[in-house]
Structures are given as structure tokens and as C-alpha cells.
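The values are calculated or read from the model by the stated rules, or taken from the named source; none is laboratory data. Just so we're clear, the structure is a prediction, and the values are computed from it rather than from any experiment. So basically every Cβ, Gly included, is an ideal-geometry build from the backbone, and we count neighbours across all protein chains shown. Heads up: the accessible areas ignore ligands, DNA and RNA and are worked out on the full protein's heavy atoms, side chains in. Shrake-Rupley method; radii C 1.70, N 1.55, O 1.52, S 1.80 Å.
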Amino acid sequence: MLGVDDVFRALADPTRRNLLDELFLRDGQTLGELEGRFEMTRFGVMKHLKVLEEAGLVVTRRQGREKLHFLNPVPIRLVHDRWVSKYAEPWAAGLSDLKHRLERQMEKVFEIYIRTTPERLWEAITDPDIREKYNFGAGVTSDWKVGSRLQMGVPEVDLLLGDGEVLEVDPPRRLVHTMTALWGDDVKSEGVSRVTWQITQVEDSCQLTVIHDQLREGANDQLYGGWPMILSGLKTWLETGELLTTPGSLMYG
């Protein structure tokens with residue numbers, strides 16, 4: 001189980017912080033690309049990346065022969081929610097200053113460990129009443145069959161915030177669906193993206209990986225910037241039964 005000590009230990013080294021800065025500027029880089037930005041051996045960069053991976057701050061994904069590295073801001077969000085958010089002024093969740101345009105579609109990967117069962121985690125993802133507890137107060141409704149429609153919103157006030165289609169369903173391990181954001185004119189024009197939920201049991205806990213991809217280059221960060229807060233709220237509710245009251249966490253509640 002990852003802990004706060006692992007996160008602080010990983011962040012204590014300036015080279016590792018610089019590696020995270022590089023992934024903040026451009027996510028999904030290979031070892032070779034990262035190596036070229038530092039005056040150290042390939043082995044040295046690998047050692048630092050390994051520490052970041054063990055702390056959950058970097059997650060990797062294979063794409064053909066390449067191993068891509070992604071910044072995972074969820075552990076930092078959890079630290080913020082535990083201490084900083086109690087005293088600080090509200091801050092914009094996610095990577096709101098990210099303006100760098102990539103030469104391909106963007107892909108964002110988020111990872112978190114939750115002490116729960118795969119079945120209970122699956123229920124929390126697919127049950128609209130539970131979902132609204134950590135999803136900014138908005139539920140997600142569907143019959144969760146391939147080809148079915150998915151809607152995110154607040155039915156009580158006839159507010160539709162997102163629309164999509166279910167692409168893959170393998171309970172309680174994998175769920176894939178499209179998503180079109182509808183909460184504002186600035187995001188409606190972004191079109192359709194894809195969200196993948198992957199659940200892996202690890203002893204008495206679950207590793208949850210959320211992959212948000214098929215985003216256009218330079219996509220509006222509202223589409224993916226809220227994931228750290230959502231996943232932090234999901235973890236908190238499943239492990240403690242409490243609701244997070246971080247800025248915006250219940251904005252549609």
C-alpha cells in the first residue's frame with residue numbers, strides 16, 4: 001500500500017521533481033525522451049523514475065515497443081486534501097495551467113489504491129446515487145451494456161452534464177465508455193473522448209487506473225483536470241464513508 005511517506009520521499013529529490021515537471025509539460029514520454037533532458041546516465045534516470053513509480057507519482061503504459069511515462073497527480077491531491085485544503089483558499093483542481101500542445105492526441109493516466117473489494121468499487125463507479133457522492137454531486141446513469149447510452153447529470157433538476165456510449169463492460173474489472181462534456185460552451189466543442197476504468201485486486205485493496213484518452217491536442221483541461229479530486233473523493237468515501245468537501249467537490253449537489 002502506498003503511503004504519504006513514499007510521496008514525500010520521492011519529492012525530496014530535485015531531479016525527481018524536475019522529472020515530474022517534464023511530464024507536466026508533456027505527458028506520455030519515453031525513457032529516451034526524458035533521458036535527453038538530463039545530464040546523467042540512462043541508468044540514473046531509470047532509478048529516479050522507479051522511485052516515482054513506487055510512490056505512485058508516475059504510471060507507465062506500453063505502446064508497441066515503447067514504455068510511456070505519465071504524471072499521476074492523485075497522490076499529491078490526497079496530500080492536499082489531508083492538510084492544505086483545510087486552510088488554503090480554493091484552488092483550481094487539476095493541471096489548469098497546462099497549455100502545451102502535443103503533436104498527437106493527448107492521453108491522461110490516473111492511478112490510486114483503495115482499500116475495498118473489486119465488487120464494491122465497481123458498484124461505486126456504476127451506481128448513480130453513490131457516484132454523485134464524489135463526482136461533483138453529479139450521478140451517471142446507464143444500464144451498463146455495450147452500445148447503451150450513458151448520461152452524467154443531476155436528474156432532479158433536469159441538468160445534463162455529459163453524454164456517452166458504453167464500449168466495453170467486464171465487471172468488476174474493466175469499463176470503457178465515451179464521453180462528451182456538455183456543462184459549458186467551451187467544452188461542448190471538444191467532441192468525444194474516451195474513459196477507461198481498470199480495477200486490479202491487490203491483496204485487501206484495489207488498484208484503480210483511469211485512462212482518459214482520445215483527447216485532441218491542447219484539449220480544454222476542464223475535461224480531465226477534475227480526475228484527481230474525483231478519485232480522492234471515491235477513495236475517501238469507500239474507506240471512511242465520509243464525503244470530501246474540497247472546493248467544487250459538490251458543485252452540482
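Count of segment 111-125 residues, restricted to those that are surrounded by fewer than 20 Cβ atoms within 10 Å (Cβ to Cβ) and of a type in the set (Ser, Thr, Tyr), is 2.
Quick one: in segment 57-75, of everything that is in a loop (DSSP other than H, G, I, E, B) and at pLDDT 90 or above, which residue is farthest from the chain's Cα centre (by Cα)? Can you show your working first?
Filtering segment 57-75 down to residues in a loop (DSSP other than H, G, I, E, B) leaves 57, 64-65, 72-73.
Remaining after also requiring at pLDDT 90 or above: 57, 72.
Working: LEU57: 12, ASN72: 7 Å.
My answer is LEU57.
Only one of the numbered conditions (1) within 22 Å of ASN72 (Cα to Cα); (2) in contact with a strand residue (DSSP E or B) (Cβ under 6 Å, 6 or more places away or on another chain); (3) touching a residue at least 40 places away in the same chain (Cβ under 8 Å) is not met by ARG194, and that is (3).
Within segment 235-253, restricting attention to residues that are touching a strand residue (DSSP E or B) at 6+ places or on another chain (Cβ under 7 Å) and at pLDDT 90 or above, the residue that is nearest to VAL79 (Cα to Cα) is LYS235. Among the candidates LEU223, LEU208, single out the residue that is within 20 Å of MET152 (Cβ to Cβ), in contact with a strand residue (DSSP E or B) (Cβ under 8 Å, 6 or more places away or on another chain) and free of Cβ contacts under 8 Å to residues at least 60 places away in the same chain. Criteria check complete, one pass: LEU223.
Could we say that VAL166 is farther than 24 Å from GLU217 by Cβ and in contact with a helix residue (DSSP H, G or I) (Cβ under 7 Å, 6 or more places away or on another chain) here? It is false that VAL166 is farther than 24 Å from GLU217 by Cβ and in contact with a helix residue (DSSP H, G or I) (Cβ under 7 Å, 6 or more places away or on another chain). Inside segment 152-179, residues that are under 20 Å from the mean Cα position of the chain (by Cα) and either at positive phi or buried (at least 17 other Cβ atoms within 10 Å of the Cβ) (or both) make up a count of 14. Restricting GLY32, GLY28 to those that are surrounded by 13 or more Cβ atoms within 10 Å (Cβ to Cβ) and modelled with pLDDT of 90 or more reduces the list to GLY28.
Report the residue count in segment 116-151 for those that are of a type in the set (S, T, N, Q) and within 19 Å of the chain's Cα centre (by Cα). Outline the logic, then answer.
Pass one, segment 116-151, residues of a type in the set (S, T, N, Q): 116-117, 126, 135, 141-142, 148, 151.
Applying the additional criterion that residues be within 19 Å of the chain's Cα centre (by Cα) yields 116, 126, 135.
The qualifying residues number 3.
Output the strands (runs of 3 or more DSSP E) that fall wholly within segment 171-227 and possess 2 or more residues being farther than 21 Å from SER142 by Cα and not aromatic (Phe, Trp, Tyr), or say none. Those strands (runs of 3 or more DSSP E) span 192-202, 205-215.
Restricting the search to segment 7-25, which residues are open to solvent by less than 50 Å² (accessible area, probe 1.4 Å) and charged (D, E, K, R)? Break it down into steps so the answer makes sense when it comes.
Looking only at segment 7-25, we keep the residues that are open to solvent by less than 50 Å² (accessible area, probe 1.4 Å), and these are 7, 10-11, 13, 15-16, 19-20, 22-23.
Within segment 7-25, ASP13, ARG16, GLU22 meet the criteria.
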